[in-house]
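Structure, as structure tokens:
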Amino acid sequence: MSMLTPPGMGGKYRITGDRYPRMRRPRGRRRLVFAALGSVVVLSLVGWGTLQLIDVFSGGDDTTVRTAKGTADCKRDQRHDENPRTGRTAAAPPKPADITVNVYNATKRSGLAKDTADELKKRGFKIGKVGNAPSEYDKKVKSPGMLLGAPGATKGAFTVLGTQMTGTETKNDARKGKDVDLIIGSGFKDLVKQKDADKALAALAKPEPAPSGSPCG
């Protein structure tokens, strides 16, 4: 053994010349461990960031999105949509005092227009013209009555005035005013009892509750 060989070392570490052995600890395993840990951290950060971006652009989780959408739909329906079962909108209907009614008699019974106009006045309606029906309708209306007015009266005055008489038909003309005509036909017997008409008017003023389980409920 050479005098330059450290005690206890031989074999491949034996010094045979003027070069000394490089005694280094193996680094390969340590590098693999650090690389694996680094990969795990990077993947975790990427995944977390992706979830945050999804949450930001979607406005929250799926439940929140559905709830917000349902609330918006309900508000829109209450402002604009028509109830298919009642034929009325969510907007408040006009009051009887805001409706001017012209009452015309298209039957052979005399004094019918005046009596009906007087009763409608007691119930809060404004009364305009009263008399016999124009020739185009005289003796030609077979239903209890016909409501005649501008297109805008269909979802307002017609609905309110319709609570006072059953079996009425409606028709629009080219008038620009807000007054409506009530033409009494041969099928007319009497107005609806006032207590029943008042209940119908009260129902018009109240929006129907949303079905159970819906976002509006």
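The values are calculated or read from the model by the stated rules, or taken from the named source; none is laboratory data. A quick note: this is a predicted structure, and the numbers were derived from the prediction, not measured. Cβ atoms come from the backbone with ideal geometry, glycine included; neighbour counts cover every protein chain shown. Areas reflect the complete protein model, heavy atoms only, side chains present, ligands, DNA and RNA absent. Shrake-Rupley method; radii C 1.70, N 1.55, O 1.52, S 1.80 Å.
Of note:
- You will find that of Gly128, Gly124, the residue that is open to solvent by 30 Å² or more (accessible area, probe 1.4 Å) and not in a loop (DSSP other than H, G, I, E, B) is Gly128 and no other.
- Hey, Ala113 surrounded by 14 or more Cβ atoms within 10 Å (Cβ to Cβ) and free of Cβ contacts under 8 Å to residues at least 40 places away in the same chain or not: no
- Among the residues making up segment 121-157, those that are touching a helix residue (DSSP H, G or I) at 6+ places or on another chain (Cβ under 7 Å) and closer than 18 Å to Gly177 by Cβ are Phe125, Lys126, Ile127, Val130, Gly131, Leu147, Gly149.
- Positions within segment 143-191 being open to solvent by 30 Å² or more (accessible area, probe 1.4 Å) and of a type in the set (Val, Ile, Thr), in sequence order: Thr154, Thr159, Thr166, Thr168, Thr170
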